[in-house]
Number of protein chains: 2
Amino acid sequence: MTRPQLDEMNCAIARTLDVIGDRWTGLILRDVSLGITRFDAIQRDLGISRRVLSERLATMVDHGILQRVAYQTAPARYDYFPTEKGADLGLVLLAMQAWGNRWLFDDEEVPLLLRHASCGNEVSPQIACPECGEELRPQDIVPVPGPGGVDDSAELTAALERWSQPGG
Amino acid sequence: MTRPQLDEMNCAIARTLDVIGDRWTGLILRDVSLGITRFDAIQRDLGISRRVLSERLATMVDHGILQRVAYQTAPARYDYFPTEKGADLGLVLLAMQAWGNRWLFDDEEVPLLLRHASCGNEVSPQIACPECGEELRPQDIVPVPGPGGVDDSAELTAALERWSQPGG
DNA sequence: CAAAGTGAGTTCCAAAATGGAACTCATAAG
DNA sequence: CTTATGAGTTCCATTTTGGAACTCACTTTG
């Protein structure tokens, strides 16, 4: 086993990390979403090695989160755009940005704010419960086994049982 | 420059990725949050190399997202718990889980659902605008420069200008 | 009392991933 | 004819990783 087989783990977080769990993929997606869509522009903006950028773009296309669109032929030149699947990762990026703004910058040093286009307000996104509308804090959430059954490790099984105990 | 200096980039996502941007940190935090709090238990659950786990736990403590608490001395043995800063990363993990459940599993194969404790419903978290309450989709958000000024790359400056143009 | 088990690491090596610079190839611009 | 642009690829030295074995301080089992 060379890289860990995260994509075969029975866990949505593990499989998601198989797609975006490295230092560059998230930043490439950010650039592409902001409109920095070409190889050289991304390379200059991030300072990433061309070798790694080339390989990352290819796996992102493989994973279906980016699409590669020629804007000219002879010589072939390309833009990269997020697919729907890739754009949907925007929520993950937003959550990272909100966390980074809160914990890694002083208030007056925050480099980029997020504005909700339809209401015009600056926002630090909160996750809300789509059922009751309340703010959803991580500590308000309990994990419950899904329909996919649980062929989990002994450790996880034990941990999940602890959640369903009274004191959980 | 050995590792890329993401933590010095003027970008909240980059700095956040400096903290959690690898294949293991998110999963370790998941385990610890679920109640798998000890070295050997995490190692068995994830199948991570002991060498890497040891190093990751140390940097997570350095970054202030985990705390290491002795539950016995002689020999010293430890639990790891999320700090407030670490627990706050839960939103990022929730967003990853929601994305993974949606895009990487068939409906009937989803291994773990999330239940909102106070309302009892299963949820796939949505990000909501705290100002107007509407669901916040990534495409509804425009980036605007924050108080920290922008000593950005030419690429990013150009991209941000494009956002504020009519067609943006 | 000896042997085996538990828990949290550390040490070592081979294999894989990375950064960075130089190179390629096609075409356009001066 | 020289330089520039854009999207890569090739090569090498350095880092990071996986994995197995080892350590050290007890505790439990027989």
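Read-outs: derived from the displayed coordinates by stated rules, not from any lab. Treat the numbers as computed from the prediction; the structure is a model and nothing was measured. Cβ coordinates were reconstructed from backbone atoms using ideal geometry, including for glycine residues, and neighbour counts include every protein chain displayed.
Peptide A:17-25 is shielded by partner chain Cβ atoms: per residue, an average of 6 of them sit within 10 Å of its Cβ. For the stretch A:90-140, would you read off the P(r) tail past 15 Å as a percentage of all alpha carbon pairs? Across the stretch A:90-140, Cα pairs with separations above 15 Å total 55 percent. Judged by the ratio a/c of the largest to the smallest principal axis of the C-alpha gyration tensor, chain B counts as oblate, that ratio being 1.5 or greater while a/b is no larger than b/c.
Sorted shortest first, the separations between the B:Val69 label point and its copies elsewhere in the assembly read 5.2 nm; each point sits 7 Å from Cα along the Cα-to-Cβ line.
Here, P(r) means the percent of Cα pairs in each 20 Å bin from 0 to the largest distance; for the protein assembly as shown it is 30, 59, 11, 0.
Distances between equivalent label points of B:Glu8 across the copies, with each point positioned 7 Å along Cα→Cβ, amount to 4.1 nm, shortest listed first. Relative to the longest principal axis of the Cα atoms of chain A, helix A:50-62 runs at roughly 60 degrees. Longest segment of chain B with no GluC sites (Glu not before Pro) in a DSSP loop having at most 15 other Cβ atoms within 10 Å? Longest run free of exposed loop sites: B:1-130.
For A:Asn121, the label point sits 7 Å beyond Cα toward Cβ; its separations from the matching points on the remaining copies run 2.1 nm, from shortest to longest.
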